[in-house]
Amino acid sequence: QVQVVESGGGLVQPGGSLRLSCAVSGSIFSIYTMAWYRQVPGKQRERVALITSGGGTNYSDSVKGRFTISRDNAKNTVYLRLSSLKSEDTAVYYCYPVPPSLGQKWGQGTQVTVSS
């Protein structure tokens with residue numbers, strides 16, 4: 001298992017940008033595939049971006065071309081750059097290893113609110 005701590009969320013206007021960070025500890029970070037998820041109250045958690053240990057990336061159709069996932073193995077950190085933000089991007093964002101170990105806990109997430 002790893003421990004994850006997300007940060008970087010906030011209030012941003014439509015069209016704006018944010019960079020989220022996820023600090024990971026507890027195991028060998030570089031071997032993990034990591035993903036960013038988001039959740040809106042009353043809806044299922046949605047995976048929006050994924051990055052493999054080798055740096056390969058994958059995005060959901062809803063964020064492709066606007067969000068960029070990256071990682072810094074020296075800092076045990078995964079990032080999500082959010083650009084051209086829309087009101088429908090408002091959610092709590094979480095990072096999580098893929099696949100998760102048995103008993104892997106979610107972090108507290110970081111709130112992103114897109115509003116004028």
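The values are calculated or read from the model by the stated rules, or taken from the named source; none is laboratory data. Please read all numbers here as calculations on a predicted model, not as lab measurements. Here the Cβ is made from the backbone with ideal geometry for all residues, glycine too, and neighbour counts use every protein chain on show. For the accessible areas, the whole protein counts, side chains as well, though only heavy atoms, and no ligand, DNA or RNA atoms are used. Shrake-Rupley method; radii C 1.70, N 1.55, O 1.52, S 1.80 Å.
Computed values, structure above
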quantity: Region 18-37: number of residues that are open to solvent by 20 Å² or more (accessible area, probe 1.4 Å), of a type outside the set (A, V, I, L, M) and in contact (Cβ under 8 Å) with a residue 60 or more places away in the chain; calculated: 3
quantity: Within region 93-116, tally of residues that are of a type in the set (Phe, Trp, Tyr) and either exposed (fewer than 13 other Cβ atoms within 10 Å of the Cβ) or in a loop (DSSP other than H, G, I, E, B) (or both); calculated: 1
quantity: In region 65-76, residue least open to solvent (accessible area, probe 1.4 Å) [restricted to those that are closer than 16 Å to Ala23 by Cα and in a strand (DSSP E or B)]; calculated: Ile69
quantity: Top-ranked residue in region 46-64 [being assigned to a loop (DSSP other than H, G, I, E, B) and open to solvent by 80 Å² or more (accessible area, probe 1.4 Å); ranked as nearest to Leu18 (Cα to Cα)]; calculated: Lys64
quantity: Per-region count, region 82-92, residues part of a loop (DSSP other than H, G, I, E, B) and β-branched (Val, Ile, Thr); calculated: 1
quantity: Number of the condition not met by Tyr79 [criteria: (1) part of a helix (DSSP H, G or I); (2) closer than 24 Å to Ser115 by Cβ]; calculated: (1)
quantity: Matching residues, region 1-17, being open to solvent by 30 Å² or more (accessible area, probe 1.4 Å) and outside any loop (DSSP other than H, G, I, E, B); calculated: Gln3, Val5, Ser7, Leu11
